[in-house]
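*Asks:* Take a look at this one; I'll ask things after.
The values are calculated or read from the model by the stated rules, or taken from the named source; none is laboratory data. All values reported here derive from a predicted model rather than from experimental measurement. Every residue, glycine as well, gets a Cβ built from its backbone with ideal geometry; the counts of neighbours run over all protein chains shown. The protein model used for the area step is the full one, side chains on, heavy atoms only, and it has no ligands, DNA or RNA in it. Shrake-Rupley method; radii C 1.70, N 1.55, O 1.52, S 1.80 Å.
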Amino acid sequence: MKSKEMIKLLSDSIGVSMYENEVKEKIIEIAKKISNEIDIFDVGKGSLGIKYGDGNIKIALFAHMDEIGIVITKIVDEQFAMVHTIGGVDPRTLISKRVKFKTKNGEKIGLVGMLAPHLQKEKHRNTSPDFDNLYIDFSISNGTSDIEVGDVGVIDVKAEELNNKITGKAMDDRAGCVVLLKTLEYLKKFRIDDKTVYCLFNQGEEIGLKGAKRTSYEINPEIGIVVDVTFGSDTPSHFEKIEMGKGPAIALGPTMNNDVTEKIIEAAKNYNIKYQLEPLPIRSGTEADIVQIVRSGIKTIGISIPILNMHSSVEVVDPSDIDEAARLIAQFIADYGKEGEANE
């Protein structure tokens, strides 16, 4: 399956933090088509693990399968309900959108309405509602009788391909999940008898790196490769701009292991794989922040896919960056531990 098809399939799935089962099922479905030489298992009390190989060197790849979302907090009446955020949802991104909830009776559609501009009072035109003033209208789907407090939801949008890019929700971090799956696919081309590779699809990153903390402790790899997304535009003027279509961004900074980071940069140069460099001088804002301090410390490196419009329903990725990232990681894994030797 091509990367763009994988990302669309995963983007369309609902997987709000700690409610990721639908995404997990899709990842398992894809992985089984990639290889029959893998072990699929639960790891970290809720996350998903895929094991490939049986060597002495343990290398783990991390990506989070959860997404930001909303949760029903109050049933107001037979038509309206109120919500709050799970993860970093800006309430302004919900206005004039359809939203979709997972309930005991299946999926349920609601609307976040917007008063027509010519009916708004002057004092409302320059303000945006917060979650204390945001209502979901369920009148188009038989009202609120079959929803409950605690039901979780997302903006109802389908991923689309536009000009060789993919746009939709949850590219953060379903793009990273696809990198892990494509890495498995590329690894079949190499002999890695000395290594065991773990692909760890973690839950709960958006609410505090919960999954990565547990999976990294349980697996305790020699090397941890964290794959997430980064801003593909609008970086501060004193930072190099990260752009879509120019390859994955390799993280530089105190969170990352310098020696291993140098090795993956060297692999990119040796095999003519496109890459960019991303300085992260304080913390990375990814699962690398926790993976590198688990147990006695794990040698951690970070790879990020550039995206636009992060934490919205119109995030954009370039599938070529996903493919380049997977090719780079697979080549790095194949060569790791074989000093001065290229694994062709």
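*Asks:* Looking at 2, 32, 100, which one is more than 25 Å from residue 199 (Cα to Cα) and among the basic types (Lys, Arg)?
*Replies:* Result of the check over 2, 32, 100: 100.
*Asks:* If you go through region 114-130 one residue at a time, how many are open to solvent by 60 Å² or more (accessible area, probe 1.4 Å), assigned to a loop (DSSP other than H, G, I, E, B) and either among the acidic types (Asp, Glu) or modelled with pLDDT of 75 or more (or both)?
*Replies:* Count: 6.
*Asks:* In addition: If residue 240 meets every condition in (1) out of contact with any strand residue (DSSP E or B) (no Cβ under 8 Å at 6 or more places or on another chain); (2) surrounded by fewer than 18 Cβ atoms within 10 Å (Cβ to Cβ) apart from one, which number is that one?
*Replies:* (1)
*Asks:* Would you mind stating whether residue 216 is of a type in the set (Ser, Thr, Tyr), crowded, with 24+ Cβ neighbours inside 10 Å and farther than 25 Å from residue 9 by Cα?
*Replies:* Spelling it out, residue 216 is indeed of a type in the set (Ser, Thr, Tyr), crowded, with 24+ Cβ neighbours inside 10 Å and farther than 25 Å from residue 9 by Cα.
*Asks:* Now for a separate question. Take residue 197 and tell me if it is modelled with pLDDT of 95 or more, crowded, with 20+ Cβ neighbours inside 10 Å and out of contact with any Phe, Trp or Tyr (no Cβ under 8 Å at 6 or more places or on another chain).
*Replies:* When the stated conditions are applied, residue 197 does not pass them.
*Asks:* Here's another thing I want to ask about it. For region 12-36, what are the residues that are in contact with a helix residue (DSSP H, G or I) (Cβ under 8 Å, 6 or more places away or on another chain) and open to solvent by 70 Å² or more (accessible area, probe 1.4 Å)?
*Replies:* 18
*Asks:* Right, residue 245: open to solvent by less than 60 Å² (accessible area, probe 1.4 Å), in contact (Cβ under 8 Å) with a residue 12 or more places away in the chain, under 29 Å from residue 165 (Cα atoms) and assigned to a loop (DSSP other than H, G, I, E, B) or not?
*Replies:* So residue 245 fits the description; yes.
*Asks:* Now, a different point. Name the pairs whose Cβ atoms lie under 7 Å apart, with the first residue in region 182-196 and farther than 11 Å from residue 333 by Cβ, the second in a helix (DSSP H, G or I) and hydrophobic (A, V, I, L, M, F, W, C), and 6 or more positions between them or separate chains?
*Replies:* What qualifies is 182/322; 182/326; 185/34.
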